Amino acid sequence: GESVGLHLPTLSVQEGDNSIINCAYSNSASDYFIWYKQESGKGPQFIIDIRSNMDKRQGQRVTVLLNKTVKHLSLQIAATQPGDSAVYFCAEKIKAAGNKLTFGGGTRVLVKP
Amino acid sequence: NAGVTQTPKFQVLKTGQSMTLQCAQDMNHNSMYWYRQDPGMGLRLIYYSASEGTTDKGEVPNGYNVSRLNKREFSLRLESAAPSQTSVYFCASSDAPGTATYEQYFGPGTRLTVT
């Protein structure tokens, strides 16, 4: 498939280890955050979201943490599997800007067997 | 339920040619979006339509036009293609009536090369 993001920061993880992907946002008026996974040659797929009135939200093998004090968002993937190899994007919604999302630059995760 | 569909999947244009990218969704979503994705960059919003009958510019609208044909369909037109428009184009939709989520659902993308 086509390579998306030739110069993205890359996180190499051993299969079975936990992965932590970080994202900084700049707008204190952002009230909603979302993580997407994008596999090569495909469109982004929803992973998990969190509203600004929460600090933590858990899904299946994934946890999102939100630190509004330092405007930082992280995605933790437990027991990383080969199928988790992809590019991960965070996105924020600014309260006064309707439903639009602003996407970050992405992080490539490579899972080593 | 096909979700978001896009046509064509691939396209090669010569500089100055025009084309329309088609997008349709079957989830009864109010909002639809067009993004471009260049290597090494995230998704950048070109245009969006918050509801049927409305369209607004996003971050990178120059060189593009859009039409929200009906609630299901949102097309993107390049009137005179330029090499700088070589990119992968994604359509997305969101905001089903009665929901409180802002998740956007993405199509598979159109890979456009302008020579």
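A compact table of results
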read-out: Residue A:52/residue B:44 FRET efficiency (R0 35 Å; Cβ-Cβ; nearest 0.05); value: 0.90
read-out: Residue A:79 versus residue B:101: modelled label distance in nm, points set 7 Å from Cα along the beta carbon direction; value: 2.4
read-out: Gaussian network model of chain A, Cα within-10 Å springs - most flexible of A:46, A:33, A:89; value: A:46
read-out: Cα Rg over Rh - the protein assembly as shown, Kirkwood; value: 0.97
read-out: Whole-number percent relative contact order across chain A, with pairs defined as alpha carbons under 8 Å at least 6 apart; value: 36
read-out: Neighbourhood net charge (15 Å Cβ-Cβ; Lys/Arg +1, Asp/Glu -1) for residue B:4; value: +1
read-out: Accessible area per residue in Å² at 1.4 Å probe, computed on chain B; value: 44
read-out: Residue A:69/residue A:18 FRET efficiency (R0 30 Å; Cβ-Cβ; nearest 0.05); value: 0.80
read-out: Residue among B:17, B:37, B:85 with the largest mean-square fluctuation in a Gaussian network model of chain B, springs linking Cα atoms under 10 Å; value: B:17
read-out: Counted charge near residue A:69, where neighbours are those whose Cβ lies closer than 15 Å (Asp, Glu -1; Lys, Arg +1); value: +2
read-out: Region A:1-77-region B:45-61 distance, computed between alpha-carbon centres (Å); value: 25
read-out: Size of the B/A contact, given as accessible area buried on both chains, probe 1.4 Å, in Å²; value: 1900
read-out: Isotropically averaged projected area of region B:1-109, using the convex hull of Cα atoms (one quarter of hull area), nm²; value: 6.7
read-out: Cα point-scatterer Debye curve for chain A, base-10 log of I(q)/I(0) at q = 0.12, 0.19, 0.22 Å⁻¹; value: -0.40, -0.98, -1.25
read-out: Residue of A:83, A:43, A:98 that the Gaussian network model of chain A assigns the largest fluctuation, springs spanning Cα pairs under 10 Å; value: A:98
read-out: Shielded by partner chains, region B:2-42 residues - at least 40 Å² of accessible area, 1.4 Å probe, vs chain alone; value: B:37, B:39, B:40
read-out: Percent RCO, i.e. relative contact order, over region B:25-94, from Cα pairs under 8 Å lying at least 6 residues apart; value: 37
read-out: Accessible area of chain A belonging to carbon and sulfur atoms, whole % at 1.4 Å probe; value: 48
read-out: Portion, in percent, of the accessible area of region B:1-59 that falls on carbon or sulfur, probe 1.4 Å; value: 49
read-out: Members of region A:30-65 that become less accessible by 20 Å² or more once partner protein chains are added (1.4 angstrom probe, chain alone as reference); value: A:32, A:36, A:38, A:41, A:43, A:44, A:46, A:51
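The values are calculated or read from the model by the stated rules, or taken from the named source; none is laboratory data. Bear in mind the structure is a predicted one, so any value in this text is a computation, not a measurement. Counting neighbours? That spans all protein chains shown, and the Cβs are built from the backbone with ideal geometry, glycine included. Side chains are part of the model used for accessible areas, which takes the heavy atoms of the whole protein and leaves out ligands, DNA and RNA. Shrake-Rupley method; radii C 1.70, N 1.55, O 1.52, S 1.80 Å.
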